[in-house]
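Right, one structure below, let's go through it.
The values are calculated or read from the model by the stated rules, or taken from the named source; none is laboratory data. Just so it is clear, the structure is predicted and the values come from calculations on it, not from any experiment. Here the Cβ positions follow ideal geometry from the backbone for every residue, glycine too, while neighbour counts run over all protein chains shown.
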Amino acid sequence: MLKQLEQQGLLASAKHSFRLDASQLIAISTAMLNPVTLLHGPPGTGKTTTIGGLLFFLRRTLGYKGKILAAAQSNVAVDNMLETAMKRGGLRVLRVGEPVKVRSSLQRYTLRAQVEAAVAKDTTICEAREEQRSLRQQLRTMRKSRRSSGYERKLLYERLDELNALIDKEVRRITQQLLAEAEVVGVTCTGAAGPELAGAAFDMVVIDEGSQASEPEALIPLMKGCRRVVLVGDHKQLPPVVKSSEAAAGGLGQSLFERLMDTGAPSAMLQIGSD
Ligand SMILES: Nc1ncnc2c1ncn2[C@@H]1O[C@H](COP(=O)(O)OP(=O)(O)OP(=O)(O)O)[C@@H](O)[C@H]1O
Ligand SMILES: [Mg+2]
């Protein structure tokens, strides 16, 4: 597979943009061949860079149209992955999660910031908000003058409710559109269970620092309907942090990554400098 891809010159662009070495190219072709792939290597061996190269290769070279979810156990790891995919690969990313937990350079890519920017330009919402302001003003005047009937006020309140429902619907439409347009959606494993991604489906899920996620945590993004999974990590060094000794005794200390490694799932090891 790797030979074929190289012969056809298909990997050249990803290799150049991400300065990938031989082990990283093998890792990418392993992830292309298998529905479940484990990419492992000690710290600093280029695992996150490989994810960037893989996503770039899929999207930019192969024209893959599937939805991609880039998840990780920690917010920092999600941000690292998105920055790598964005800077070197120029992919369109969307960061789902609490903006306070997202690094400043990615703030404008958060779903919340993107929704706010789109809402500010949306004529339906702007007009509805303008009408709401005017209705509230009318209600204040009515209350002061005490001359209006209860029926008149009821009509105004009903209209305000209608406008709220209209705005909510439009915000939901904008959110869905942003999620549909993003080439890579980044979220923490637990964040994938949040309301923003309720009902969202992804064809491929990549989990960076996957060996640090407990198995139930890793399963959250994997429950989003994916058909291809790439788990990235270092099972030899960083197990999931489990504070409860009872939970650890029950098996939560073993990551899905490690368990799949033990079963002999397809894997590739990264070794920096393997040209
Ligand atoms: N093929 C390569 N040649 C030279 N430098 C590389 C290569 N791949 C990655 N790097 C550089 O090595 C450093 C570590 O890369 P990266 O963050 O991808 O590793 P990692 O395995 O994800 O690290 P960690 O275990 O800390 O998450 C980065 O500065 C990256 O730019
Ligand atoms: Mg990394």
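So for the range 152-175 (the condition being farther than 30 Å from MET86 by Cα and among the hydroxyl-bearing types (Ser, Thr, Tyr)), does at least one residue qualify? Yes; the residues of the range 152-175 include at least one that is farther than 30 Å from MET86 by Cα and among the hydroxyl-bearing types (Ser, Thr, Tyr). Checked across the range 163-179, the condition of being among the acidic types (Asp, Glu) and touching a residue at least 40 places away in the same chain (Cβ under 8 Å) holds for at least one residue. In the range 69-103, which residues are in contact with a Leu (Cβ under 8 Å, 6 or more places away or on another chain), among the small types (Gly, Ala, Ser) and in a strand (DSSP E or B)? Scanning the range 69-103 gives a single hit, ALA70.
Going by what's in this entry, would ARG153 be described as in the same structural domain as ILE167 (by TED's automatic domain parsing), of a type in the set (D, E, K, R) and touching a helix residue (DSSP H, G or I) at 6+ places or on another chain (Cβ under 8 Å)? It is true that ARG153 is in the same structural domain as ILE167 (by TED's automatic domain parsing), of a type in the set (D, E, K, R) and touching a helix residue (DSSP H, G or I) at 6+ places or on another chain (Cβ under 8 Å). So is ARG92 surrounded by fewer than 22 Cβ atoms within 10 Å (Cβ to Cβ) and in contact with a helix residue (DSSP H, G or I) (Cβ under 6 Å, 6 or more places away or on another chain) or not? No: the conditions fail for ARG92. Screening GLY66 with (1) away from ligand 2 (no atom under 14 Å from the Cβ); (2) part of a helix (DSSP H, G or I); (3) not β-branched (Val, Ile, Thr) gives one miss only, at (2). Step by step: first the residues of the range 44-60, then only those that are over 16 Å from the mean Cα position of the chain (by Cα) and more than 14 Å from ASN80 (Cα to Cα), then the one that is nearest to ligand 1 (Cβ to nearest atom). Which residue is that? Residue satisfying both the conditions and the ranking: THR45. For the range 219-247, how many residues meet the condition of being buried (at least 16 other Cβ atoms within 10 Å of the Cβ), free of Cβ contacts under 8 Å to residues at least 60 places away in the same chain and among the small types (Gly, Ala, Ser)? Within the range 219-247, residues that are buried (at least 16 other Cβ atoms within 10 Å of the Cβ), free of Cβ contacts under 8 Å to residues at least 60 places away in the same chain and among the small types (Gly, Ala, Ser) number 0. Of the helices (runs of 4 or more DSSP H) entirely within the range 1-44, those holding at least 3 residues that are more than 15 Å from ligand 2 (Cβ to nearest atom) and in contact (Cβ under 8 Å) with a residue 60 or more places away in the chain occupy 22-33. Just so you know, in the range 167-195 the residues that are among the small types (Gly, Ala, Ser) and outside any helix (DSSP H, G or I) include one that is farthest from ligand 1 (Cβ to nearest atom), and it is GLY194.
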